[in-house]
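Below: one structure, written as structure tokens.
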Amino acid sequence: MIFARDKSQMCNNLLQFAHVYAWGRKRGQRVISMRFSYKYPYFKIQKTKYTGFFWYLFAKYAAALGLLHTVSFKHEDHIEEKKQYMENHRHFVVSGWFVRFYDEFLEYRDEICDLFQLREEYMEPLRSRMKVAMVGENADTIRLGLHIRRGDYKDFYGGKFFYDDATYAGYILEYARQHATKDIVVFISTNDRAVSVNDFETLCQESQSRIKFVVMPENNPAQDMAMLSECDAIIGPPSTFSLTACMYHDIPLCWMEEASPANMRFDKFENHFKNIR
């Protein structure tokens, strides 16, 4: 068996495991996620065979005792040597963010999306909340996902992508100008509890398009990510959170690489995927 281990946040964990899963799937080897064996109980993968706390403990202590070798991709060095070890062995732990098997990932992308579908007890309430938010809207109304990332982004890349509300509003207004004949419902996903719908309504009042802002504080992180995935387009700073959201239905994603929306550009999952930071 191959065990995938990482200590980062939810979508980093998901993508790291998915690379290893796809590599093993291509070679007929079973890959088990250590992280999803006990954390993030929202996804279908937690109901699959061999995904459970016992296997997490087994792999953790087997690796600590040296019974399972750990192939570490924590740093971007000796990558080919590490991949060669994986080719020549069947039982080991893979850890670290820099494990990359792009071709295999894309080949088994549908299976990966299926493994990481939200379980129905989490998805059904989300669908209901989104349906209520869309009451009164017409069939042409655009559902736009806005990912506001604060918290750890104050230090990420020196705070380069730590944007204020006015910057996010600028992107929304530019999007509205490009879709001037459409009504827009903006579903906001954020790790900043201070984000206010009223503030965004004030910042965007100049728009002649009808824009409605929605925040769902009842959502857990996986539901917020799934909410973005149910939209027609997503805007947000470079992040695996928005990247994972667009993976499911290949919806257009605009990464806010700079504060000005003058050069805003939407692209599909595969093109963003190979440019993960």
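The values are calculated or read from the model by the stated rules, or taken from the named source; none is laboratory data. As the structure is a prediction and not an experimental result, all values here were calculated from the model. Here Cβ is always computed from backbone atoms with ideal geometry, including for glycine, and neighbour counts include all displayed protein chains. With ligands, DNA and RNA removed, areas are computed over all heavy atoms of the protein, side chains included. Shrake-Rupley method; radii C 1.70, N 1.55, O 1.52, S 1.80 Å.
Structural remarks
- Net charge, residue 23 excluded, C-beta distance under 9 Å - Lys, Arg +1, Asp, Glu -1: +3
- Annotation: per residue accessible area for the chain equals 49 Å², rounded to a whole number [probe 1.4 Å, protein chains only].
- Between residue 77 and residue 270, the distance separating the two model label sites (each 7 Å from Cα on the Cα→Cβ line) works out to 3.5 nm.
- Charged neighbours of residue 144, selected by a Cβ distance under 14 Å, balance to -1 (K, R count +1; D, E count -1).
- Measuring nothing but how far apart in sequence close Cα pairs (under 8 Å, 6+ apart) lie, relative to its length, the range 33-156 scores a relative contact order of 24 percent.
- Taking only protein heavy atoms and a 1.4 Å probe, the accessible area of the chain is 48% carbon and sulfur.
- Most fluctuating residue given options 239, 260, 37, as computed from a GNM of the chain linking Cα atoms under 10 Å: 260
- Of 255, 234, 108, farthest towards positive along the dipole that unit charges on Lys, Arg, Asp, Glu beta carbons give the chain: 108
- Computed per residue of the chain from DSSP H runs no shorter than four, each worth -39500 (n - 2.57), the mean residue ellipticity at 222 nm is -11500 deg cm²/dmol.
- Mean separation of Cα pairs under 8 Å and 6 or more residues apart, divided by the residue count, gives the chain a relative contact order of 17 percent.
- Note that the chain, at 20 °C in a medium of 1.002 mPa s, gets a Stokes-Einstein diffusion coefficient of 107 µm²/s from its Kirkwood radius over C-alpha pairs.
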